[in-house]
Amino acid sequence: MAKTKALIGFVKMKDDELMILGNTVINAMTGNSNFTTPSPALDDIKTLLEDFSVKLAIARKRGSPEDTARKDESKEPLAEALQQLAYYVNSVAKGHLSTLLSSGFPTSAPAVGSIIPAQVQGVKVSDGRQSGQLRLDFESQGRAAKLYEYCYRKVETPEAEWSDRLTTTSSRGNIIAPLEVAQLYEFKVRAVNSKGAGDWSQTETILVR
């Protein structure tokens, strides 16, 4: 049977989710006797988290492409540092569930009997609150899906490549930005669980305003 482990993929996590995770882990691991020599050091992760928090607030207040880029550039080293810390947690815990849970990291659930998710239905893309911003919604698959992957591309000839796959645990209110105004984009979504990924949804197309 596969050991339970702390999850290690955070780069595609939503901004707010990454903030919550960072704070949760720091609080849980500070003074934690299970993890006496965290690597990277918790103070280093605090510094990265504070920098990301400041740039996230600026990006949300002003929303310029430059502010968003600075926020994204600050997010990547934080996600990577948390990933390295999760590796450390796994090396210490060696699959011991209570030790893993004490770290504050989410864990991989033991495999359960399930089937590959069905094709995602009801994909809808609509205008966001700001220019160059879109909102993605689709029908939830409840417990049948552990998370969802989505990607997008410009509609052009020859066909553009799809973006990197982005992940979300929510079927509502996924914001994609910045996008090129007056450009047609298409989107697709699929559900993922411990058994694998379902088929991609039908594509949904929208003109960015």
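List the residues whose amide H sits under 5 Å from the amide H of residue 189, counting only those 5 or more places along or on another chain, with H placed 1.01 Å from N in the peptide plane.
HN-HN under 5 Å from residue 189: 201.
If I build a Gaussian network model for the chain, linking alpha-carbon pairs within less than 10 angstrom, which residue out of 160, 144, 69 has the largest mean-square fluctuation?
Sorting by GNM fluctuation, first place goes to 160.
Determine the share of the chain's accessible area contributed by carbon and sulfur atoms, expressed in whole percent, with a 1.4 angstrom probe.
Result for the chain: 51 percent of the exposed heavy-atom area is carbon or sulfur.
Before I look further, what does region 19-58 give for accessible area per residue, probe 1.4 Å, in whole square angstrom?
About 54 Å² of surface per residue is accessible.
Can you give the local net charge around residue 83? Use residues other than it whose beta-carbon is closer than 14 angstrom to its beta-carbon, Lys and Arg +1, Asp and Glu -1.
Taking every Cβ under 14 Å from that of residue 83, the sum is 0.
Computed from these coordinates, which is Cα extents along the principal axes in Å: [x] 49, 42, 35; [y] 57, 36, 34; [z] 56, 44, 27?
After the calculation, the listed value that fits is [z].
Using the Kyte-Doolittle scale, which helices in the chain average at least 0.5 and also have C-alpha atoms spread 18 Å or more along the helix axis, with helices defined as whole DSSP H runs?
Helices passing the filter in the chain: 15-29.
Between residue 183 and residue 66, what FRET efficiency follows from the Cβ-Cβ distance if R0 is 25 Å, with the result rounded to 0.05?
Plugging the Cβ-Cβ distance into 1/(1 + (r/R0)^6) gives 0.80.
Could you state how much accessible area residue 200 has, in square angstrom rounded to the nearest 10, with a 1.4 Å probe and all protein chains kept in place?
About 60 Å², ignoring ligands and nucleic acids.
What do you get for GluC sites (Glu not before Pro) in region 96-179 restricted to DSSP loop and a cutoff of at most 12 other Cβ within 10 Å of the site's Cβ?
156, 159, 161
I want the local charge near residue 125. Using Cβ-Cβ distances under 13 Å, sum +1 for each Lys or Arg and -1 for each Asp or Glu among the other residues.
+2
What order do 154, 94, 61 take when sorted by accessible area (1.4 Å probe), most exposed first?
If we order 154, 94, 61 from most to least accessible, we get 61, 94, 154.
Sorted by accessible area (1.4 Å probe), largest first, how do 101, 166, 18 line up?
101, 166, 18
Can you compute 3J(HN,Hα) from phi for each residue in region 171-182, using the Karplus curve 6.51 cos²θ - 1.76 cosθ + 1.60 with θ = phi - 60°, rounded to whole Hz and x for Gly and Pro?
8, 10, x, 7, 9, 10, 6, x, 10, 7, 5, 6
The values are calculated or read from the model by the stated rules, or taken from the named source; none is laboratory data. Predicted model, so just to flag it, every value in this text is computed and none were measured. No Cβ is skipped: glycine too gets one built from the backbone with ideal geometry, and neighbour counts run over all protein chains shown. Just the protein is used for accessible areas: all its heavy atoms, side chains included, with ligands, DNA and RNA removed. Shrake-Rupley method; radii C 1.70, N 1.55, O 1.52, S 1.80 Å.
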